[in-house]
Every structure is written in structure tokens, then in C-alpha cells.
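The values are calculated or read from the model by the stated rules, or taken from the named source; none is laboratory data. Predicted model, so just to flag it, every value in this text is computed and none were measured. A quick note on method: Cβ atoms are made from the backbone with ideal geometry, for glycine too, and the neighbour counts reach across all protein chains shown. These area figures cover heavy atoms from the full protein model, side chains too; ligands, DNA and RNA do not enter into them. Shrake-Rupley method; radii C 1.70, N 1.55, O 1.52, S 1.80 Å.
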Amino acid sequence: NEATSTMKQEMWDNACAAVGLRESSTGKWETLPPGFGRDLSLQDGSLTPASFEKLLQMMQKKQINCQMVADLGSEAGHAVARFAFKPFVKQVTGIEIQFTWAAYSAIIMLQLQSASQNNNSYFADTCIIHDSFLNTENHHWIHALQEADLCFCNNRNWEKSKKTNAVPKQHQLLKGELKGSIDANLAEL
């Protein structure tokens, strides 16, 4: 059974609170893991669950296959969790270049899995990898990408870099009014 939106949010809030993380109503972190010195203003506000609900409902309605999902940039595993709550998703693999966030993501995923079991609700298999998403020598990550039906990139900051290449239009999964939102950063592999 899929947990209700309220239950999902409660499980997420409890898992974050257990490791000392707090998020604001705007979808940004108010706190960061100890020893993490990055500026909170660099965040893209992607922690709001409403956009994920809308996106996942649309994908389900269009019968888009996303049983295996790869998430690039798993800051606390938020996107990983949102996909993992959906019964049509079987496996979500996230990768995070910053060790602190990778460790916190893994802990949060374990807490969500445990809470889902206690609530008798569905939670897909999850895996958090600590590495760069560009590392083609990491066989765990390469395997996850090869198996993935869907690759999710919810870091708007990548679009601002001169070094990034946009996903070619023919591979973009979503178009139109969602272009430029975090939801548009989806590509079929």
C-alpha cells in the first residue's frame, strides 16, 4: 500500500529530525550536517514534495516506465525517497559527491524504510552511492545507470554552468509549462 501524502511527509520529517536536519517551508534546508560549511543560499529549493506528487501522478497517468530510477545529486536523499514511496518504482539509486550528504542520505533512507515497514506501506529498494556522477569507473553507479528507466537531476545549479550540456530535446521527458522547473530535468535513458 502507498502511504498517504501526510504519512510520507511525517516519515520524512521524523527521519530528518532524527539526524538533526530541518527544512523550511520554501523547500530549503535550515540546518546542515555538522562540519558542512556550504552556504545555505546556494540551494535550489527542491525539497518541496508537492512538485514530486504532481510529477509522479503525471508519469503514472502517462504509463511512463520508471521502475528503476537513478538520481543525480542525492542531498539527504529527498528525490530518492519521493520515488521510493511509489509502488510502481522497484529500485532507486542516488549518488552524492559530498560524503556528509551521502552518509546522511543513507541514514535517512534506512529510517524511512523502517518507518514504512512499521506503517505497512510501500518503500522501494534504495541505494546511496558516494562519488561523482561523472565517474565512469564506479561500477555500482554505471550499473545503476544502465538499468535505470529514468534519470532524475533536480539540481537547477547545473543549468547555470557553462560546462553543462542540456539534455537533447528528443530525450527530454517533459516539455511545455514545466520547462525550467525541477520537474523538467528528467530524461529517458
Next item on the list: Within the range 77-104, count every residue that is touching a helix residue (DSSP H, G or I) at 6+ places or on another chain (Cβ under 7 Å) and open to solvent by 30 Å² or more (accessible area, probe 1.4 Å).
Entry: 2
Note to self: Can you find, within the range 13-31, the residue that is farthest from L112 (Cα to Cα) among those that are part of a loop (DSSP other than H, G, I, E, B) and touching a residue at least 40 places away in the same chain (Cβ under 8 Å)?
What the structure shows: L21
Notebook entry, point to check: How many residues does the range 72-99 contain that are at pLDDT 90 or above, part of a loop (DSSP other than H, G, I, E, B) and touching a Ser or Thr at 6+ places or on another chain (Cβ under 8 Å)?
Noted result: 1
Item checked: Verdict on I107 being open to solvent by 30 Å² or more (accessible area, probe 1.4 Å), out of contact with any Leu (no Cβ under 9 Å at 6 or more places or on another chain), touching a residue at least 24 places away in the same chain (Cβ under 8 Å) and part of a strand (DSSP E or B) -> no
Check: Has the range 132-141 got any residue that is within 18 Å of Q91 (Cα to Cα), in contact with a Leu (Cβ under 8 Å, 6 or more places away or on another chain) and in a strand (DSSP E or B)?
Finding: no
Note to self: Of the conditions (1) outside any helix (DSSP H, G or I); (2) more than 17 Å from the chain's Cα centre (by Cα); (3) modelled with pLDDT of 90 or more, C127 satisfies every one except a single condition; which number is it?
What the structure shows: (2)
